[in-house]
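Asks: Below is one structure. I have some questions about it.
The values are calculated or read from the model by the stated rules, or taken from the named source; none is laboratory data. Nothing here was measured: the structure is a model prediction, and the numbers come from that model. Every residue, glycine as well, gets a Cβ built from its backbone with ideal geometry; the counts of neighbours run over all protein chains shown. SASA here: full protein model, heavy atoms, side chains in, ligands and nucleic acids out. Shrake-Rupley method; radii C 1.70, N 1.55, O 1.52, S 1.80 Å.
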Amino acid sequence: MVSLGDVKRSAAALFSSGQHVAALRLYDAIVAAAPLDYDARIRVADCGLALGDPRAANAYRATGWYCLKAGHPLAALVCARVLEAHGAEPADLVASLVVTYGSESEQLGKVAARIALPPESLPIDVPDVRLPAPDDAVAKALARAEHATDTFTEFPHALHPIPLLSSMSEAAFRRVLGTLVLRRLPAGSPVIREGEPGTSFFFVAGGELRVYATDGLGRHTELARLGENAVFGEMALLSAQPRSASVGCLTEVDLLEVGRASLAALADELGAVAEALHGFTRERLLGNLMATSPLFKPFNRMQQRDLLRRFTSHDVSPGTVVIHEGEEGRGLFVVLTGELEVSRRASDGPVPLGAVKTGDVFGEMAILRSARTSATVTAQRAATVLFLAREYVARMVAGVPEIKSYLEALADEREIDNQLALGEDEIPSDERVLV
């Protein structure tokens with residue numbers, strides 16, 4: 001026998017290469033062994049649709065109703081979207097989804113559940129797809145996908161809300177559902193690329209994605225894995241800045257894209273939507289920061305969260321001075337979003353020394369050298385900075401050698417950069433730029 005995960009990967013490869021009957025037989029083997037695997041049922045319907053079999057619509061519809069009741073509303077919406085795209089009418093399924101998962105639903109609760117997919121390690125008895133398929137293989141597979149859970153009754157009594165959508169009014173929820181664009185992508189596909197403009201964001205209805213950043217040498221740093229119900233892509237949309245990371249598909253993925261039409265449909269509730277999206281954005285930025293910043297690497301996940309709680313968060317508008325040249329070092333700053341300019345006073349005006357951007361740390365030099373700052377840091381555009389008071393920084397440096405080494409190396413590197421920016425080979429110790 002072969003594991004369920006391996007069977008799905010093989011079936012996906014066959015489907016991508018146009019071998020729809022062979023793929024259908026493998027997905028059908030999964031449904032036979034694990035009737036609650038709604039993903040495999042949807043894929044059987046996909047194969048039937050690719051083969052032009054009208055019975056695929058019945059499989060989509062039945063699987064959609066199961067997903068709705070089992071706690072997988074976005075997968076149910078995928079089924080509805082496919083039905084709609086091929087001339088079927090899914091209005092009853094969508095209406096029930098709004099009633100079940102809307103803000104006024106009594107079925108949503110904090111103590112909620114959803115019926116999980118079976119484990120990928122589950123052994124599956126598969127047919128030899130190199131041999132000719134039986135004449136009734138397609139009909140039997142579609143029938144099995146349609147009726148796999150006809151007698152199943154153990155649905156959860158309380159369901160998880162859909163992020164963002166379930167907090168909307170029922171009318172807004174219904175309007176937004178009508179504007180979502182379904183994107184179905186094979187494994188290995190890129191979704192968004194770092195540096196691109198952001199004009200939409202996405203809900204993950206199924207599959208797994210990888211979020212990663214790319215450095216100047218082309219190396220990738222994984223920031224997160226995303227699965228069902230995750231939201232991503234909203235940061236660039238809200239900030240009107242380029243995408244800060246790339247996202248690619250690890251498996252077959254079903255996404256629901258929220259574009260400008262969706263936001264236009266929400267004009268009367270845009271404030272509440274923006275507030276909710278900002279909450280998602282902040283959590284993701286903090287997660288990215290903990291995954292990539294050397295400041296957090298010496299700590300485990302729980303310690304990272306504890307350290308983050310020690311920071312205070314400050315939103316600054318363009319032109320705001322965060323550090324004044326000549327003041328006593330107040331603490332350590334980390335840029336969560338935005339960009340700030342570092343400059344130093346000179347007889348003929350300020351001399352720019354560089355910029356600090358998302359993820360950068362500054363303020364360490366004055367603390368480590370016990371000196372006053374000799375540079376000014378000003379927000380170039382709207383930014384969010386995290387601040388850690390010098391007393392806590394001192395304790396952290398004294399107690400964690402890796403942090404001390406990191407900050408000292410950062411200070412030395414910044415000092416060299418400052419010398420180069422000022423055009424001086426060597427700067428007296430009392431004139432060093434101590435941000």
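Asks: Checking Ala213 against (1) in contact (Cβ under 8 Å) with a residue 40 or more places away in the chain; (2) closer than 29 Å to Gly102 by Cβ, only one condition comes out false. Which one?
Replies: Among (1) in contact (Cβ under 8 Å) with a residue 40 or more places away in the chain; (2) closer than 29 Å to Gly102 by Cβ, Ala213 violates only (2).
Asks: Now, a different point. Only one of Arg175, Arg144, Arg184 is charged (D, E, K, R), outside any strand (DSSP E or B) and out of contact with any Ser or Thr (no Cβ under 9 Å at 6 or more places or on another chain); which? Full working, then the answer.
Replies: Working: Arg175 fails: out of contact with any Ser or Thr (no Cβ under 9 Å at 6 or more places or on another chain); Arg184 fails: outside any strand (DSSP E or B).
Selected residue: Arg144, the only one of Arg175, Arg144, Arg184 that is charged (D, E, K, R), outside any strand (DSSP E or B) and out of contact with any Ser or Thr (no Cβ under 9 Å at 6 or more places or on another chain).
Asks: Ok, one more. Would you mind stating whether Ala139 is among the aliphatic types (A, V, I, L, M) and loosely packed, with under 14 Cβ neighbours inside 10 Å? Please lay out each step first, then the result.
Replies: Numbers: among the aliphatic types (A, V, I, L, M): yes; loosely packed, with under 14 Cβ neighbours inside 10 Å: yes.
Against the criterion (among the aliphatic types (A, V, I, L, M) and loosely packed, with under 14 Cβ neighbours inside 10 Å), Ala139 qualifies.
Asks: Open to solvent by less than 40 Å² (accessible area, probe 1.4 Å), in contact with a strand residue (DSSP E or B) (Cβ under 9 Å, 6 or more places away or on another chain) and closer than 17 Å to Pro132 by Cβ: does that describe Leu26? Let's see the steps before the verdict.
Replies: Details: open to solvent by less than 40 Å² (accessible area, probe 1.4 Å): yes; in contact with a strand residue (DSSP E or B) (Cβ under 9 Å, 6 or more places away or on another chain): yes; closer than 17 Å to Pro132 by Cβ: yes.
Criteria met by Leu26.
Asks: I'd like the full set of residues that are free of Cβ contacts under 8 Å to residues at least 60 places away in the same chain, among the aliphatic types (A, V, I, L, M), buried (at least 17 other Cβ atoms within 10 Å of the Cβ) and part of a strand (DSSP E or B), limited to the range 281-339.
Replies: Once the filter is applied, which keeps residues that are free of Cβ contacts under 8 Å to residues at least 60 places away in the same chain, among the aliphatic types (A, V, I, L, M), buried (at least 17 other Cβ atoms within 10 Å of the Cβ) and part of a strand (DSSP E or B), the range 281-339 yields Val334, Val335, Leu336.
Asks: Further question: Looking at (1) at pLDDT below 95; (2) open to solvent by 60 Å² or more (accessible area, probe 1.4 Å); (3) farther than 23 Å from Leu255 by Cα, which is the one condition that is false for Arg144?
Replies: Result: Arg144 fails condition (1) only.
Asks: Quick check, is Ser370 assigned to a loop (DSSP other than H, G, I, E, B), more than 19 Å from Gln419 (Cβ to Cβ) and polar (S, T, N, Q)? Don't jump to the end; show me each part of the working.
Replies: Values: assigned to a loop (DSSP other than H, G, I, E, B): yes; more than 19 Å from Gln419 (Cβ to Cβ): yes; polar (S, T, N, Q): yes.
When the stated conditions are applied, Ser370 passes them.
Asks: Moving on to the next point. Which of the residues belonging to the range 382-396 are more than 17 Å from Ser313 (Cβ to Cβ) and either in a strand (DSSP E or B) or open to solvent by 20 Å² or more (accessible area, probe 1.4 Å) (or both)?
Replies: Of the range 382-396, the ones more than 17 Å from Ser313 (Cβ to Cβ) are 390-391, 394-396.
Within the range 382-396, Arg390, Glu391, Ala394, Arg395 qualify.
Asks: Report yes if some residue within the range 9-16 is part of a helix (DSSP H, G or I), of a type in the set (Ser, Thr, Tyr) and buried (at least 21 other Cβ atoms within 10 Å of the Cβ); otherwise report no.
Replies: Going residue by residue through the range 9-16, those that are part of a helix (DSSP H, G or I) are 9-16.
Next cut, of a type in the set (Ser, Thr, Tyr) only: 10, 16.
From what is left, the residues that are buried (at least 21 other Cβ atoms within 10 Å of the Cβ) are none.
Within the range 9-16 (the criterion being part of a helix (DSSP H, G or I), of a type in the set (Ser, Thr, Tyr) and buried (at least 21 other Cβ atoms within 10 Å of the Cβ)), the answer is no, since none of the residues qualifies.
Asks: How do the pairs read when you match residues in the range 123-139 that are assigned to a helix (DSSP H, G or I) with residues anywhere that are modelled with pLDDT of 95 or more and open to solvent by 40 Å² or more (accessible area, probe 1.4 Å), using Cβ under 8 Å and keeping only pairs 6 or more apart or on different chains?
Replies: From the range 123-139, the pairs are Ala137/Val21; Val138/Val21; Val138/Leu51; Ala139/Arg55.
Asks: Would you point out the residue of the range 357-403, among those that are under 32 Å from the mean Cα position of the chain (by Cα) and of a type in the set (D, E, K, R), that is farthest from Asn300 (Cα to Cα)?
Replies: So the first thing to find is which residues in the range 357-403 are under 32 Å from the mean Cα position of the chain (by Cα), and the list is 357-364, 377-389, 392-393, 396, 400, 402-403.
Of the ones still in play, those that are also of a type in the set (D, E, K, R) are 357, 360, 364, 381, 402.
Working: Lys357: 25, Asp360: 20, Glu364: 23, Arg381: 33, Glu402: 13 Å.
Per the stated criteria, the residue is Arg381.
Asks: Report, by residue number, each residue of the range 123-136 that is open to solvent by 70 Å² or more (accessible area, probe 1.4 Å), within 22 Å of Arg9 (Cα to Cα) and of a type outside the set (A, V, I, L, M, F, W, C).
Replies: First, pick out the residues of the range 123-136 that are open to solvent by 70 Å² or more (accessible area, probe 1.4 Å): 123, 125, 130-132, 134-135.
Narrowing further to those that are within 22 Å of Arg9 (Cα to Cα): 123, 125, 130-132.
Hits for the range 123-136 are Pro123, Asp125, Arg130, Pro132.
Asks: Right, another one. Select from the range 108-122 the residues that are open to solvent by 80 Å² or more (accessible area, probe 1.4 Å) and touching a strand residue (DSSP E or B) at 6+ places or on another chain (Cβ under 8 Å) and write down the one among them that is farthest from Ala205 (Cα to Cα).
Replies: Looking at the filtered set, the residue picked out is Ser121.
Asks: If the requirement is being at negative phi, crowded, with 16+ Cβ neighbours inside 10 Å and not hydrophobic (A, V, I, L, M, F, W, C), which of these qualifies: Arg174, Arg193, Arg219, Arg225?
Replies: Numbers: Arg193 fails: crowded, with 16+ Cβ neighbours inside 10 Å; Arg219 fails: crowded, with 16+ Cβ neighbours inside 10 Å; Arg225 fails: crowded, with 16+ Cβ neighbours inside 10 Å.
Answer to the selection: Arg174.
Asks: I would also like to ask the following. If a residue must be under 20 Å from Ala139 (Cβ atoms), within 31 Å of the chain's Cα centre (by Cα) and crowded, with 24+ Cβ neighbours inside 10 Å, how many such residues does the range 38-71 contain?
Replies: Total satisfying the criteria: 10.
Asks: Could you list, in sequence order, the residues of the range 132-171 that are more than 24 Å from Gly206 (Cβ to Cβ) and touching a Leu at 6+ places or on another chain (Cβ under 9 Å)?
Replies: The answer is Ala133, Ala137.
Asks: Also, quick follow-up: Are any residues in the range 372-406 among the small types (Gly, Ala, Ser), closer than 17 Å to Glu325 by Cα and modelled with pLDDT of 85 or more, and if so, which ones?
Replies: Quick first cut of the range 372-406, residues among the small types (Gly, Ala, Ser) only: 374-375, 379, 382-383, 389, 394, 398-399, 405.
Imposing the further condition that a residue be closer than 17 Å to Glu325 by Cα reduces the set to 374-375, 379.
Correct list: Ala375, Ala379.
Asks: Separate question: Consider Phe202 against the criteria (1) closer than 22 Å to Arg282 by Cα; (2) open to solvent by less than 20 Å² (accessible area, probe 1.4 Å); (3) touching a Ser or Thr at 6+ places or on another chain (Cβ under 9 Å): it satisfies all of them except one. Which criterion is unmet?
Replies: So the condition that Phe202 fails would be (3).
Asks: Looking at the range 90-97, is at least one residue over 30 Å from Arg25 (Cα atoms), of a type outside the set (Ser, Thr, Tyr) and surrounded by 23 or more Cβ atoms within 10 Å (Cβ to Cβ)?
Replies: yes
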